[in-house]
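**Q** Supplied in structure tokens, the structure appears directly below.
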Amino acid sequence: MKILVTAKRVTDPDMKIKVRSDGAGIETSSMSFKVNPFDEIAIEEALRIKEDKGGEVIVVGIGSDKAQTEIRYGLSMGADRGIHITAGSDPDSDAVARILVKIVEAESPDMVLLGKQAIDVDDNQVAQLLAEYLGWGQACFASKVSINDNTARVEREVDGGIEVVDMDLPGVISADLRLNEPRYPALPAIMKARKKEIKKMTPADLGVDTTSKVVITQLAEPPQRKGGRIVEDVAELVKALKEEALVI
Amino acid sequence: MNYLDLDLDLTEEDIELKRATHRFAKEVMRPIAKQLDEMTPEQVIARDSPFWTFMKKAYELGYHTILIPEPYGGMDLTPKQQAIIFEELAWGSVGLAVALGVASFPSFAGSLVAEETLIEKIIEPFCACRDASIIGCWGITEPDHGSDTLLPFHPIFSDPNIKAQCRAKLDGDEYVINGQKSAWVSCGTISTHCALFCQVDPSMGHAGGAIFAIPLDLPGVSKGAPLNKIGQRDLNQGEIFFDNVRVPKDYLIAGAEPGVYEALLEITLSATTALMGVFAAGIARAALDETLEYARNRVQGGKKLIDYPNVQMRLFNMFSKVETTRLMSRAAFIYNQNTSTPAEEYSNVAKVYGTQCAFDVCNEAIQIFGGNGLTKEYLIEKLFRDARSMLIEDGSNDTLAIAGGHKLIHTYPRMD
């Protein structure tokens, strides 16, 4: 089983983000970065499938030179090799999907496993766009994946229960939070990861135009929360809900 | 929290090791250390204790073999990488970092001479272990002899009037060991193997010692109760008793010949003492991180603590101590790991200076936290107690300063 997984470089979700003064992005100078947690779950799942069925796991990352760190992290977890598409800034979801199409055409994997969304912009679009462009089946928000020859049975968490999807392979699967608990890279694996290949390419090499279809016009901090207060009685509560909270 | 390494020569691999270890320290070590800190010493090592969750995870990921060279099953880590990893582990918990460090001690000591029996019976099985079923300890301290057992080439080290409390005697092809090692042996009551530093020739005092790597399932070995103590409560410590324990000669690492014991002890101490300085950098940084975070949010007198110049100055002084501790201890550790004639006094500076800095930083942190710093609600209270232990642990700072001074007057200036 040959599996393509993604590793996006995102800001550390444990750190507070600050909007840049021009509102066009966030301050990145004192931020630490890590691999998108949902991608990490996807990598873990790919490794478990490989450990069970054999095959190869390829980690793809798109972004600046530094995005290589996150690809390397995937290799430290146990993936076999990496592909780094160098891009000055993060392309939008559609461009990412079109880049992945080209890589899929070159590598012919049995499956593409991605995080359901990146925790920086939370767009949640790449898996769906990719499946559509490829004409493959898609099973998004997977909470359980089992492989049987040329089909994948995927359990998806939906409102009120679990939906079970049987999908022909090759196909696209996106990982939800409860799919698995990713491993920590072992020290010997980190040492070995240094020797694994990361192939570098540009979107232009793949013939993909990454001009953004989505333009961020303004980012702003959410308004500061005001302190709460204790009301005397129900009448005052109803009045406050009506006149201040404007919810009834 | 990450930190800027004032080292432009860091490789990508160094950085990856630092990042991965930091994550392990933050996500696995911190929560477990906090739980263990509030348990009794017996609960800490009980079968269902989270201590074992930590140890198994650490072994699974290879953190027990950091100090062991690759040919024997360890890793091909540079001394700088070893220091980077150990600082992160100590940032997570200095007690658990010590537990991991001593776990490898029989193998670490064995790798200094690398005899075939030792490699096969001690080092390789330890490195291959992934479930923490093989745990080492360092049996050197005795009830009446603590830091003074760490003074190779000091005059009192050769005083035959100082009677050792643990002795080995050659009898045919075996050594017979009698006596005890004291309650300060880290991992003492849970270890399966001991790097035993004990006397073989009483006419030479402590200098007449030898080093063994001993399996502790031999008949005649027994252990004391786990020690209850102020800090590093997540670290098991306790006595080991030897009653006519017969050890095959193959388990002797070194020391039967005069002079060898002192030389090997000096090499060993040059590594371990500097490592305590590296640990100090980790815990001091942990305290600085906690304090910065607290001061950024805590409002007093109408503004945040960090907006007071007085607090900024104190944070700067804490930061200075963290950085100088790292630079000194890392440099001493790297130098002494890379040479066969170690400059031990530099390791003593790393430990004495570094642990004092760590304690000062934790102490100042509590002062900035105010009343909150005194409660168990905040990590800083644990860091303070853990750091306090370090001033005595692994050689009291007073004795190490005396040893360092003695070394200095005989060796200064050393040549490049």
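**Q** I want to confirm something. Restricting to region A:30-59 and keeping residues that are at pLDDT below 95 and surrounded by 16 or more Cβ atoms within 10 Å (Cβ to Cβ), which single residue is nearest to residue A:172 (Cα to Cα)?
**A** A:34
**Q** Return the residue satisfying two criteria in turn: it lies in region B:5-18 and is free of Cβ contacts under 8 Å to residues at least 40 places away in the same chain and in a helix (DSSP H, G or I), and of such residues it is farthest from residue B:382 (Cα to Cα).
**A** Filtering first and then ranking leaves B:12.
**Q** Among the residues of region B:186-203, which ones are without any contact (Cβ under 8 Å) to a residue 60 or more places away in the chain and surrounded by 24 or more Cβ atoms within 10 Å (Cβ to Cβ)?
**A** Of everything in region B:186-203, those that are without any contact (Cβ under 8 Å) to a residue 60 or more places away in the chain and surrounded by 24 or more Cβ atoms within 10 Å (Cβ to Cβ) turn out to be B:188, B:196, B:198, B:199.
**Q** Moving on to the next point. Within region B:130-166, track down each residue that is touching a Pro at 6+ places or on another chain (Cβ under 7 Å), crowded, with 20+ Cβ neighbours inside 10 Å and not small (Gly, Ala, Ser).
**A** Answer for region B:130-166, where residues must be touching a Pro at 6+ places or on another chain (Cβ under 7 Å), crowded, with 20+ Cβ neighbours inside 10 Å and not small (Gly, Ala, Ser): just B:134.
**Q** Still on this structure, please answer the following. Give A:213, A:200, A:226 a once-over and let me know the one that is more than 14 Å from chain B (Cβ to nearest Cβ) and in a strand (DSSP E or B).
**A** Every option except A:200 fails the conditions.
Here's the yes/no breakdown for (1) on the phi < 0 side of the Ramachandran plot; (2) surrounded by 19 or more Cβ atoms within 10 Å (Cβ to Cβ):
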residue: B:326; (1), (2): yes, yes
residue: B:332; (1), (2): yes, yes
residue: B:336; (1), (2): yes, yes
residue: B:344; (1), (2): yes, yes
residue: B:354; (1), (2): yes, yes
residue: B:357; (1), (2): yes, yes
residue: B:370; (1), (2): no, no
residue: B:374; (1), (2): yes, no
residue: B:380; (1), (2): yes, yes
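**Q** Inside region B:241-276, can you point out the residues that are assigned to a helix (DSSP H, G or I), under 29 Å from residue B:225 (Cβ atoms) and polar (S, T, N, Q)?
**A** B:268, B:272, B:273
**Q** Based on this model, can you work out whether residue B:112 counts as more than 14 Å from chain A (Cβ to nearest Cβ), within 30 Å of residue B:263 (Cβ to Cβ), buried (at least 17 other Cβ atoms within 10 Å of the Cβ) and not aromatic (Phe, Trp, Tyr)?
**A** Answer is no for this residue.
**Q** Sticking with this one: Scan region A:72-90 for residues that are more than 20 Å from residue A:122 (Cα to Cα), not small (Gly, Ala, Ser) and not in a strand (DSSP E or B) and jot them down.
**A** Passing the criteria: A:72, A:73, A:75, A:77, A:80.
**Q** Next question, about the same structure. Which ones in region B:86-145 are among the small types (Gly, Ala, Ser) and over 22 Å from residue B:32 (Cβ atoms)?
**A** The answer is B:107, B:109, B:110, B:111, B:114, B:128, B:139.
**Q** Pull out all pairs, ordered by first then second residue, where Cβ-Cβ is under 6 Å, the residues are six or more apart or on different chains, the first lies in region B:169-181 and is surrounded by fewer than 16 Cβ atoms within 10 Å (Cβ to Cβ), and the second is in a strand (DSSP E or B).
**A** Listed pairs, sorted by first residue: B:169/B:176.
**Q** Now, a different point. Which condition does residue A:172 not pass, out of (1) free of Cβ contacts under 8 Å to residues at least 40 places away in the same chain; (2) in contact with a Leu (Cβ under 6 Å, 6 or more places away or on another chain); (3) crowded, with 21+ Cβ neighbours inside 10 Å, if it passes all the others?
**A** Unmet for residue A:172, out of (1) free of Cβ contacts under 8 Å to residues at least 40 places away in the same chain; (2) in contact with a Leu (Cβ under 6 Å, 6 or more places away or on another chain); (3) crowded, with 21+ Cβ neighbours inside 10 Å: (1).
**Q** Among the residues in region B:58-65, are any over 21 Å from residue B:383 (Cα atoms) and touching an Asp or Glu at 6+ places or on another chain (Cβ under 9 Å)?
**A** yes
**Q** Can I ask one more? Return yes when residue A:130 is within 18 Å of residue A:5 (Cβ to Cβ), within 21 Å of the chain's Cα centre (by Cα), more than 14 Å from every other protein chain (Cβ to nearest Cβ) and in a helix (DSSP H, G or I) and no when it is not.
**A** The answer is yes for residue A:130.
**Q** Now for a different question. Just checking, does region B:82-94 include any residue being within 22 Å of the chain's Cα centre (by Cα), at negative phi and facing chain A (nearest Cβ under 10 Å)?
**A** yes
**Q** Something else: Kindly provide the set of residues from region A:171-197 that are more than 14 Å from every other protein chain (Cβ to nearest Cβ) and touching a strand residue (DSSP E or B) at 6+ places or on another chain (Cβ under 6 Å), ordered by number.
**A** Within region A:171-197, A:171, A:172, A:173, A:174, A:175, A:176, A:178, A:179, A:197 qualify.
**Q** Which residues, taken from region B:184-240, are in a strand (DSSP E or B) and hydroxyl-bearing (Ser, Thr, Tyr)?
**A** B:186, B:222
**Q** Out of (1) in contact (Cβ under 8 Å) with a residue 60 or more places away in the chain; (2) at the interface with chain A (Cβ under 9 Å from one of its Cβ atoms); (3) not in a helix (DSSP H, G or I), what's the single condition that is false for residue B:2?
**A** Among (1) in contact (Cβ under 8 Å) with a residue 60 or more places away in the chain; (2) at the interface with chain A (Cβ under 9 Å from one of its Cβ atoms); (3) not in a helix (DSSP H, G or I), residue B:2 violates only (1).
The values are calculated or read from the model by the stated rules, or taken from the named source; none is laboratory data. The model shown is predicted, which means the values in this text are computed figures rather than measured ones. Positions of Cβ are backbone-derived with ideal geometry, glycine not excepted, and every protein chain shown enters the neighbour counts.
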